[in-house]
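Engineer: Let me give you the structure first, and then I'll get to my questions.
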Amino acid sequence: MSRRAVVIGAGLAGMLAAAALSTVADEVVVLERDELPDGPEHRKGLPQGRHAHLLMAGGLAAMEDLVPGVSMRKHLLAAGAHEISIGSGMVALTPEGWFRRWRHAGPQMLTCSRALLDWAVRGAVLANTGVVVRKGQVLSLTGSAARVDGVRLSTAAGEEELAADFVVDTSGRGSRIVNWLAELGISDITEKKVDSGLVNATRIYRTPAGASGFPLTIIQANPYLSLPGRSGMVLPIEGDRWMVSLAGTRGGEPPSDPDGFLQYTLDLPHPLVGRLISGAEPLTDVHVSRSTSNERRYLEKARQWPERFVALGDALATFNPAYGQGMSVAALGAQVLARELGRAGLAGAGLSRQVQRGAARSVDAAWTMAVSQDIWFPGTRGGAPGVADRLVTRYTRRLMRTATGSYGAASALWDVTSLTAGPTRLLRPGAVLAALSGPPLPAAAGPPLTAAEREVLRGLDRTAG
């Protein structure tokens, strides 16, 4: 008998989940309510799609295992993505000072537009598996609290039921999963929201002549000043372009007009981003988004969970995009699904519960990183620092200060932010000893640029004088 799997949503998480299912199901149908573009173009179903996205090393490693016969790293690089070393290819001002750049590369990350990444991943999955995408909006799950056996959906021809041996919800931040489960009799889902009020503003520029190798540049927000957080970054994307993304928490939101956008960059804790773009050619207007809160559904804690159903990606948790974790968490969740399917197959008893718990573990690290900083910004709703948060923050700030002049401390932080290791990596003896000892090298007085990079900056800077 043919075995059918249904995936709700054709975004990154959905296509990776479909790839995982394609190895054990005879038919995989991805249901998508929006029209999908034929090329790397923005679509309305991604509220954060126009802003900066980083594919961290942990997420990329997970993706490498998911699409049969394809190296996603090579595929994305061929499509135009850039590979950047956190250790040597990034200039970053943290709340504790400038990170140094080391000869040791450290973890790699990929940068490109979200439109390119989604298009490239979707193309790789469809070309190398039997997965098909079908237009339709899911209205509810069918089955019972014990087992999901399909979906009810709305199509151009009317409503219908689609039977399935396995269903995955990857319908994103706006998922109706809590309502769907309640209709099946599962009503004990705990949800949490921590909202710093962050607003993103992004503009695309042409990469200036001679600046194609300029490092990814980040001015991070400082959560510890009792002031609104303000940050900005310049990252290379496909098509010889720079994506410039600004972010500000409640009370420090970036503006949408071009003059205000530039002034905001110059008013950041350091004007490096503004100096870079002051002499660059803008290619787009400023795009603004406010869909940035941390939201989590603790599905793994439900007393009862139906067989043959899981939720992954933004349907499970969303994060403040300033921390660049969402895509990697989605990939890690799909990797958990692939691993458990390989062990037990579609019909394995307890499989769904195992996948949901495994996916929650990859959420934990990203959630801790995002929320532990967002709760310090004034006006944050849904959370406030407690005694434990203050103790943890004292240690992590000390470790970050050490990391400005210590490769050992920096590498511990890179492993956690890249999602190649969990937060306990920061408590290993080497990291603890480094934090206690402090930085062996003095703090950098300014951005750690090479002589050639300083020359590029001088050539672009229109703010002097």
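Engineer: Which whole-number percent gives the relative contact order of region 373-437, counting Cα pairs below 8 Å spaced six or more residues apart?
Structural biologist: 26 percent.
Engineer: On a 0 to 90° scale, report how tilted helix 326-344 is relative to the longest principal axis of the chain, with both axes built from alpha carbons and the result rounded to the nearest 10.
Structural biologist: Long axis of 326-344 versus the principal axis of the chain: about 40 degrees.
Engineer: Related question: Please give the Cα centre distance for region 137-211 versus region 46-106, rounded to the nearest Å.
Structural biologist: Rounded to whole Å, the Cα centres lie 26 Å apart.
Engineer: Indicate, rounded to the nearest 5 percent, the antiparallel portion of the DSSP beta bridges found entirely in the chain.
Structural biologist: 70
Engineer: When only C-alpha pairs under 8 Å and at least 6 residues apart count, what is the relative contact order of region 1-60, in percent?
Structural biologist: Relative contact order of region 1-60: 29 percent.
Engineer: I've got another one for you. Can you list the lysines whose alpha carbon is less than 16 Å from that of LYS44, not counting same-chain residues fewer than 8 positions off?
Structural biologist: Straight-line reach from LYS44, under 16 Å: LYS135.
Engineer: Under a cut-off of 21 Å between alpha-carbon atoms, report the lysines in cross-link reach of LYS192, not counting same-chain residues fewer than 8 places apart.
Structural biologist: Within the straight-line limit of under 21 Å, LYS192 reaches these lysines: LYS301.
Engineer: What's the angle, to the nearest 10 degrees (0 to 90), between helix 451-460's Cα axis and the longest principal axis of the chain?
Structural biologist: Helix 451-460 and the main axis of the chain meet at about 90 degrees.
Engineer: Working out 0.36 nm times the residue gap between LEU283 and ASP364, then minus their Cα-Cα distance, what length gain in nm do you get to one decimal?
Structural biologist: So the extension gain works out to 25.4 nm.
Engineer: Give, in whole angstrom and from largest to smallest, the semi-axes √(5λ) of the equivalent ellipsoid of region 1-95, with λ running over the eigenvalues of the Cα gyration tensor.
Structural biologist: The equivalent ellipsoid of region 1-95 has semi-axes of 29, 18, 12 Å.
Engineer: Ranked from highest to lowest mean number of other Cβ atoms within 10 Å per residue, what is the order of the peptides 357-369, 436-448?
Structural biologist: With the highest mean Cβ count within 10 Å placed first, the list reads 357-369, 436-448.
Engineer: Classify region 77-117 from the C-alpha gyration tensor, please: rounded if a/c falls under 1.5, else prolate or oblate depending on whether a/b exceeds b/c.
Structural biologist: It comes out oblate by the Cα gyration axes.
Engineer: Report, to the nearest 10°, how far helix 387-403 tilts away from the longest principal axis of the Cα atoms in the chain, using its own Cα long axis and a range of 0 to 90°.
Structural biologist: The angle comes out near 60 degrees.
Engineer: Taking only the C-alpha atoms, wrap a convex hull around region 128-261 and report its volume per residue in Å³ as a whole number.
Structural biologist: In region 128-261, the Cα hull volume divided by residue count equals 229 Å³.
Engineer: Just to be sure I follow: if Rg is taken over the C-alpha atoms of the chain and Rh is the Kirkwood radius over the same atoms, what is Rg/Rh?
Structural biologist: 0.97
Engineer: Run the numbers on the chain and let me know its relative contact order in percent, using alpha-carbon pairs under 8 Å that are six or more apart.
Structural biologist: With pairs under 8 Å counted, the relative contact order is 20 percent.
Engineer: Could you work out the per residue convex hull volume over the alpha carbons of region 184-233, in cubic angstrom?
Structural biologist: Enclosed volume per residue, from the Cα hull, is 195 Å³.
Engineer: Then there is this: Over the Cα atoms of region 376-419, what Rg and Dmax result, in angstrom?
Structural biologist: 12.9, 36
Engineer: Give me Rg over Rh for region 153-224, both radii from the alpha carbons and Rh done the Kirkwood way, two decimal places.
Structural biologist: 1.19
All of the numbers you see were taken from the coordinates with simple rules; none came from a lab. This one's a predicted model, so the numbers in the text were calculated from it and none came from an experiment. No Cβ is skipped: glycine too gets one built from the backbone with ideal geometry, and neighbour counts run over all protein chains shown.
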